[in-house]
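*Asks:* Mind having a look at this structure? Questions to follow.
Derivation of every value follows stated rules applied to the coordinates shown; laboratory data play no part. No experiment lies behind these values; they were computed from the predicted model shown. Methodologically, a virtual Cβ is constructed for each residue, glycine included, from the backbone with ideal geometry; neighbour enumeration extends over all protein chains shown.
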Amino acid sequence: MKLILAIVSNDDSSSVSAALTKENYSVTRLATTGGFLRSGNTTIIVGTDDDRVEHAIELIGNESKRRTEIVPSTASYDIGRYASFPVEVQVGGATIFVLDIEQFVKL
């Protein structure tokens, strides 16, 4: 038995959850925050058999694509003087952890 923790963008979380649910995975979603942009994301938790892990990872990867966004950035030039300018960054994708589970009980 394995536990999959997938951290995905909020923009992708609905499609990731729908794809996993369609393939009969039990999915739990948690609202989380992180990354250097401090933007919201979703942690998806899936408990599954060992032989279904690769399929779940493939589904997550298909639904959570990387993309480029322009975000504002602020630079300090002197004491009290700041300038704001746009910066292009990569967002999206998924960070996935797969853990061994000793026991799984569904009540």
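*Asks:* If you count, for each residue, the other Cβ atoms within 10 Å and average over each peptide, how do 10-17, 61-68 line up from highest to lowest? All intermediate terms of the calculation are to be shown ahead of the outcome.
*Replies:* Details: 10-17: 18.5, 61-68: 14.1.
Per-residue mean Cβ counts within 10 Å order the peptides as 10-17, 61-68.
*Asks:* What does the extension gain come out to for Ile57 and Lys22, with contour length at 0.36 nm per residue minus their alpha carbon separation?
*Replies:* Numbers: separation 35, 0.36 × 35 = 12.60 nm, distance 1.43 nm.
Fully extending the segment from Ile57 to Lys22 adds 11.2 nm.
*Asks:* Follow-up question, since we're still on this one. Among 1-7, 98-104, how do they line up from the highest to the lowest mean number of other beta-carbon atoms within 10 Å? Mind showing how you got there, number by number?
*Replies:* On the way: 1-7: 18.1, 98-104: 9.4.
Most protected by this proxy first, the peptides run 1-7, 98-104.
*Asks:* Let me ask something additional. How much length is gained if the chain between Glu88 and Asp100 is pulled fully straight, taking 0.36 nm per residue apart and subtracting their Cα-Cα distance, in nm to one decimal?
*Replies:* Numbers: separation 12, 0.36 × 12 = 4.32 nm, distance 3.75 nm.
Taking Glu88 through Asp100 to full extension adds about 0.6 nm, to one decimal.
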